[in-house]
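Only one structure is covered here, and it is reproduced in the block below.
The values are calculated or read from the model by the stated rules, or taken from the named source; none is laboratory data. None of the values given here were measured: they were computed from a predicted structure. Neighbour counts run over all protein chains shown; Cβ positions are idealised from the backbone, glycine included. Remember, those area values only see protein heavy atoms, side chains included, never the ligands or the DNA or RNA. Shrake-Rupley method; radii C 1.70, N 1.55, O 1.52, S 1.80 Å.
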Amino acid sequence: MAASIREKQTAALKRMLNFNAPPIKNTAAEPVWKVLIYDRFGQDIISPLLSVKELRDMGITLHLLLHSDRDPIPDVPAIYFVLPTEENIQRICQDLRNQLYESYYLNFISAISRSKLEDIASAALGANAVTQVTKVFDQYLNFITLEDDMFVLCNQNKELISYHAINRPDITDTDMEVIMDTIVDSLFCFFVTLGAVPIIRCPRGNAAEMVAVKLDKKLRENLRDARNSLFTGDTMGAGQFSFQRPLFVLADRNLDLATPLHHTWTYQALIHDVLDFHLNRVSLEESAGHEASPAGARPKKKNKKSYDLTAADKFWQKHKGSPFPEVAESVQQELDTYRAQEDEVKRLKSIMGLEGEDEGAISMLSDNTAKLTSAVSSLPELLEKKRLIDLHTNVATAVLDHIKTRKLDVYFEYEEKLMSKSTLDKSLLDMISDPDAGTPEDKMRLFLIYYITSQQPPPEADLEQYKKALTDAGCDLSPLNYIKQWKAFTKMAATPANYGNSGVKPMGLFSRVMNTGSQFVMEGVKNLVLKQHNLPVTRILDNLMEMKSNPETDDYRYFDPKMLRGSESSIPRNKNPFQEAIVFVVGGGNYIEYQNLVDYTKAKQGKRVLYGCSELFNAAQFTKQLSQLGQK
């Protein structure tokens, strides 16, 4: 099995932290102590992949931001990991002049231009530090890997390439070029790290096509330049990939605007929807007691706690795609087994405390010593287990509070019915005007989904009624203005996306899980079970990966950067189904689509699918972008 993108990016980072030499296997040798200096972009790339402990094991004693005040440490080598921006380059030149470190290893996240290199060279000359600049490397790591099979282009400055930025009505061609170049630069880095030249497919006439054309050109130029090509030689020879090249599907966010607004029911997507979840770290506000503070006193400050949800967390890996009720049940089971183990250790301790005179105790001691030894040796494991259980108990409880106060289960079920065009048990107007169900934002999301998925827009009279109900509920109607324009425009261009015949089977209210001993009080929350269905993005991937003929994808363009002449055809040369594919959504993605692709891949033997997006937003952030577009 080829290594995952997360493993590859981690390996590239470790190599860089080892002065760009492959890390040595024998662990007895003391690592070379060094300083790591990164900018915010470098920090975002490293933090989901390497923990502080791992950095320390690699000899990094200090890690500092480039633009912070740093003291000189004259006898230590420094590794820089920054984007080659104007202000970063100036700051590096300033460090050279101030002679901060013993030697400098400059690593640029994406390729540095000739002129900027010359700036550094002249600064080094001026500071008499030429010998100290030991190495300069382009790392081609300008993307952030969040999962084995998921990556996103950037977290800082993401508004520069957001859905809003690409779809602004007043955008100039030069702005658009800059956005496309930024996206292409990151995608190029992604393929260099992956070590594969893809076959690119994209729809016609939107941002995805512009990205495809530019990416094809950039890959093609790099492959032509035989001396400096990044896709030949030792990086490729290792046969990291199967013989087949991966398929790269570029999709445009506009092909499906309903999914990003959808309420969801799986664990990871729910966390992203209702909590503050960035780069695999979730931040919770802990409420400090519920007792009312005396009148006039300042309200208690809420503590923020943040938890990392990592690849090492087995529970997370297993359950991030499970429906929420299942997660609650599993947390409870984990807790029970943990308590049983803990009790066992306590019992042994109390036996060991007995006086030695007692005959019985002595005979018990001998076989309990063995038990105790094993119990003690499993303590670190137990403590780690306890930490994870506490983490998931806290996170799941926080999610549950949102589900209960906002009736998210009701919304989820209702939207699924809307999207799959099944019969509704309650009118949309009732849902919107029900004061107990959800926040104004939830209501707006529901109505937008209804509007996007309906075959033709509702008649004016009905629309006015809906608008009034929404305004009464406290909703901001500007997203609707944009969606109206969008719908009128896409109506000319294409048919609305179809969402498959999804469905949810309510399993009756929670019964068994909710016996009295449980941590989670789930009364009144529906126990919904998901049926597998493909979202538009997954369906497009399926058509292209399996070479199915389908009017939806038949006129997708086909690019093969390895072909000498770029052909303008949309006729694929290769007729075999693909084994590996990467889906990339220009204009932003979400965990719902990611999870849908993961489930799709599970059903296919031996296939691998990666999901990438220009930014990762939850429904609230997306609604905000839509309302900015609607105000124009």
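Of the solvent-accessible surface of the stretch 54-200, computed with a 1.4 Å probe and all protein chains present, 49% belongs to carbon and sulfur.
The listed residues F41, F151, once ranked by accessible area (1.4 Å probe) with the largest placed first, stand as F41, F151. Each principal axis of the stretch 118-273 carries a Cα extent, and these read 59, 41, 35 Å when sorted largest first. Residue order by solvent-accessible surface for S47, S627 is S47, S627, largest first, with ligands and nucleic acids left out and a 1.4 Å probe.
In the stretch 125-199, the convex hull through the Cα atoms has an average projected area of 8.7 nm², a quarter of its surface area. If each of S549 and D276 carries a label point 7 Å out from its Cα toward its Cβ, how far apart are those two points in nm? In this crude label model, S549 to D276 measures out at 5.4 nm. Note on exposure: R70, R204 ranked by accessible area (1.4 Å probe, complete protein assembly) read R204, R70, with the most exposed listed first.
Accessible surface area normalised per residue over the stretch 152-235 is 42 Å², counting heavy atoms of protein chains with a 1.4 Å rolling probe. Rolling a 1.4 Å probe over the heavy atoms of the protein chains gives the stretch 1-123 an accessible area of 48 Å² per residue.
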